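Q: I have a structure I would like to understand better, so I am pasting it below and will then ask my questions one at a time.
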Amino acid sequence: MSDILDQLDDILAQRRQADPSTSYVAQLHHKGLNKILEKVGEEATETILAAKDVALPGGRQALIGETADLWFHSLVMLSHLGVSHGEVLDELARRMGISGLEEKASRVQE
Ligand SMILES: N=c1c2ncn([C@@H]3O[C@H](COP(=O)(O)OP(=O)(O)OP(=O)(O)O)[C@@H](O)[C@H]3O)c2ncn1[C@@H]1O[C@H](COP(=O)(O)O)[C@@H](O)[C@H]1O
């Protein structure tokens, strides 16, 4: 999973300089922090609603899609603020009682 996040992070960084007329991420950076936060809030609400409806037909796939939207917009927010997803993963690793370096080493071994 971390490989995907690394690759996405690179794309998001490149999009900070991209033309807003050709890139959704560039458009969000151009519109600024308030627009990005609005999207994070919107996607969080949509994820909650999808989780409540998970037992309906197609509900599981809808929940996966909404969660992906939420994670994606959260990554755009972090990128906009100059925080890398690695810092968040390090915090999760710390809470699991392993250091960020150990966590990276275990990812390399996978
Ligand atoms: N993972 C995503 C991704 N997930 C969701 N989205 C976009 O996020 C938006 C989701 O918002 P909504 O569901 O609210 O849709 P909407 O109502 O049309 O959006 P708004 O008008 O409210 O902004 C849609 O426009 C999706 O296309 C994404 N857009 C881009 N990516 C990744 O980001 C990369 C860079 O994208 P570009 O900047 O467009 O090149 C892509 O290669 C993808 O890997």
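Q: With a 1.4 Å probe and all protein chains kept in place, how do MET77, MET96 rank by accessible area, largest first? Provide the component values of the computation, followed by the final result.
A: Numbers: MET77 50, MET96 145 Å².
Result, largest first: MET96, MET77.
Q: Hey, any idea what % of the stretch 33-107's accessible area is carbon plus sulfur with a 1.4 Å probe?
A: On the way: 3020 of 4760 Å².
Roughly 64 percent, rounded to a whole number.
Q: Compute the length gained on full extension between VAL88 and LEU33: take 0.36 nm times their separation in residues and subtract their Cα-Cα distance, giving the result in nm to one decimal. Intermediate results must be reported in sequence, preceding the final value.
A: Details: separation 55, 0.36 × 55 = 19.80 nm, distance 1.91 nm.
In short, 17.9 nm is gained.
Q: Also, I was wondering about something else. May I have the pair-distance distribution P(r) for the chain, computed from all Cα-Cα distances with 10 Å bins from 0 and rounded to whole percent?
A: 14, 34, 33, 18, 1
Q: Please work out the average accessible area per residue across the stretch 33-107, using the 1.4 Å probe convention, and give it in Å².
A: Details: 4760 Å² over 75 residues.
Solvent-accessible surface per residue comes out at 63 Å².
Q: Under unit Cβ charges (Lys, Arg +1; Asp, Glu -1), what dipole magnitude, rounded to 20 debye, does the chain have relative to its Cα centre?
A: Details: 11 positive and 18 negative charges, 40 e Å.
Taking the Cα centre of the chain as origin, the dipole is about 200 debye.
Q: If you take every residue apart from ALA62 with its C-beta less than 14 Å away from the C-beta of ALA62, what net charge results, scoring Lys and Arg +1 and Asp and Glu -1? Please report the intermediate quantities before stating the final value.
A: Details: positive: LYS52, ARG60; negative: GLU43, GLU46, ASP53, GLU66, ASP69.
That sum, taken over residues with Cβ under 14 Å, equals -3.
Q: Right, next: Please calculate the 1.4 Å probe accessible area of ASP3, with all protein chains present, and give it to the nearest 10 Å².
A: 110
Q: Compare the Cα positions of LEU28, ALA62, MET96 along the charge dipole of the chain (+1 at Cβ of Lys, Arg; -1 at Cβ of Asp, Glu; about the Cα centre) and return the one farthest towards the positive end.
A: Result: LEU28.
Q: Show me, for the stretch 25-35, the HN-Hα J-couplings you get by feeding each phi into the Karplus relation (A = 6.51, B = -1.76, C = 1.60, θ = phi - 60°), rounded to Hz, glycine and proline as x.
A: Result, ordered by residue: 5, 4, 4, 5, 4, 5, 6, x, 4, 4, 5 Hz.
The values are calculated or read from the model by the stated rules, or taken from the named source; none is laboratory data. As the structure is a computational prediction, the values presented were derived from the model and not from experiment. FYI the Cβ positions are ideal-geometry reconstructions off the backbone, even for glycines, and counts take in every protein chain you see. The protein model used for the area step is the full one, side chains on, heavy atoms only, and it has no ligands, DNA or RNA in it. Shrake-Rupley method; radii C 1.70, N 1.55, O 1.52, S 1.80 Å.
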